[in-house]
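I have placed the structure first, in the form of structure tokens, so that the comments after it can refer back to it.
The values are calculated or read from the model by the stated rules, or taken from the named source; none is laboratory data. Computed from a prediction, not measured in an experiment: that's the story for all the values here. Heads up, the Cβs are rebuilt from the backbone with ideal geometry, glycines too, and the neighbour counts pull from every protein chain shown.
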Amino acid sequence: MPTPDDVPVHVVPGPRGHGVDLCARQLAAAVGATVVAEVPEGGSGPLHLHVTDRVWGATPEAAAAAVVAVCRSRPTTLTLHDVPQPHDGRALFPRRRAAYAAMARAATGVVVSSSHERGLLARVLGDEPGPRTPVEVVPLPTVTRQDPTSTTAAGAAHRLADDGGRWRRPGRGTLGVAGWVYPGKGHLQALGAAAALARRGLVVDVLALGAVARGHDADAEELVRRGARIGVEVQISGWLADHELDEALRCVDVPYAGHRNVSASGSVNSWLSAGRRPLVRRGPYFEEMARLRPGTLRLVDVAGLPDAVAAALADPASTRLRPGAGLAHDLDDAARGYERFWGRVLLQGSGRVA
């Protein structure tokens, strides 16, 4: 295992509040890594970068150029987030695929956050000859600031009327979607489910618990307008401080994660950390996470979402983790996974693929 002196310096350029930035800082603290905002000048010690192209450059090509330059200067491992998928679009997918392939091949080693994501990366890299960069799967950790069972079932029920405030409305249900607001996150499916329930006489508001992602203000405005057209109230919270987000996650009636093309999800782990058992859109990643953490997710198809929301409203305890529910792979587990990875690729002489 690496000693503290062997742990790579973590380069975390921000922006603060971004999910990748938060993940990077949590993991750096767990392994005792030094965190810097810029690549240190000089020196030859190893570095670790959490990479999504949107953080490291204005374009995929710019991000790849920046990261590859770091990898060629010294031993550098990467955690690749948001691995490209064909659903990125015919124009963007080839550019992102080329960028991620260049970064992965230049790195000393690569971490991804799910086996599903490793499969996506394998397709990105293709069958080109030459040395292969080691790739490790370390799932995104759950981070609990309190015992999650303290917010389960009966333990939470008597508090909701007191601390629900902004997030609970007499006679109206609430369907919450956590994280940045942008197309493909599941808000439209939540709207559709709420509209279907309205036709059954159930009033359900859609709460988007997060800020609007950069460049998507028009999409957010259209989301609210569409809700109004079909008779569903939509509230976008904007940026929430940690204590506000914790309250919201605990107190909405039904938690939902409906990412269309998700390969790893920090927002779902936020629901779990708040003691919630969210409805999640069935797909390879969430099926993998349901196996990792049995009993913590409720897999639903889009067509079955209205019925699932109605069932959750009728049985509030079903939306909360039961006492003893396993939140396998927490920060300590993730730290050990990274330490094993660095021990293998940095301390045992694996060379960079440049």
Of the candidates VAL20, VAL68, VAL35, VAL39, the one satisfying the condition of being more than 29 Å from HIS259 (Cα to Cα), at pLDDT below 95 and hydrophobic (A, V, I, L, M, F, W, C) is VAL39
Please list, ordered by first then second residue, the pairs with beta carbon atoms under 9 Å, 6 or more apart or interchain, first in the range 246-258 and on the phi > 0 side of the Ramachandran plot and in the same structural domain as GLU287 (by TED's automatic domain parsing), second modelled with pLDDT under 95 and surrounded by fewer than 23 Cβ atoms within 10 Å (Cβ to Cβ). none
Matching residues in the range 260-284 - criterion: being touching a strand residue (DSSP E or B) at 6+ places or on another chain (Cβ under 7 Å) and more than 17 Å from ALA194 (Cα to Cα): SER265, SER267, VAL268, ASN269, SER270, TRP271, LEU272, SER273, GLY275, ARG276, ARG277, ARG282
In the range 231-259, how many residues are more than 17 Å from PRO183 (Cβ to Cβ) and either out of contact with any strand residue (DSSP E or B) (no Cβ under 7 Å at 6 or more places or on another chain) or of a type outside the set (A, V, I, L, M, F, W, C) (or both)? 16
Taking the residues in the range 93-119 that are small (Gly, Ala, Ser) and over 23 Å from TRP342 (Cα atoms) as candidates, determine which candidate is surrounded by the most Cβ atoms within 10 Å (Cβ to Cβ). ALA99
Given (1) in contact (Cβ under 8 Å) with a residue 24 or more places away in the chain; (2) over 21 Å from TRP56 (Cα atoms), identify the lone condition not met by ASP127. (1)
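Residue-wise test of (1) polar (S, T, N, Q); (2) more than 18 Å from the chain's Cα centre (by Cα); (3) part of a strand (DSSP E or B).
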residue: ARG166; (1), (2), (3): no, yes, no
residue: THR174; (1), (2), (3): yes, yes, yes
residue: PRO183; (1), (2), (3): no, no, no
residue: LEU188; (1), (2), (3): no, yes, no
residue: ALA194; (1), (2), (3): no, yes, no
residue: ARG200; (1), (2), (3): no, yes, no
Does PRO134 qualify as being touching a Gly at 6+ places or on another chain (Cβ under 7 Å) and modelled with pLDDT under 75? no
Given (1) in a loop (DSSP other than H, G, I, E, B); (2) crowded, with 16+ Cβ neighbours inside 10 Å, where does ARG90 come up short, assuming only one miss? (2)
Matching residues in the range 28-82 - criterion: being within 15 Å of LEU346 (Cβ to Cβ), part of a loop (DSSP other than H, G, I, E, B) and touching a Leu at 6+ places or on another chain (Cβ under 9 Å): ALA33, PRO46, ARG74, PRO75
Mind checking which pairs have a first residue in the range 195-206 that is in the same structural domain as GLY304 (by TED's automatic domain parsing) and a second that is modelled with pLDDT of 95 or more and among the charged types (D, E, K, R), Cβ under 6 Å, 6 or more apart or different chains? ASP205/GLU233
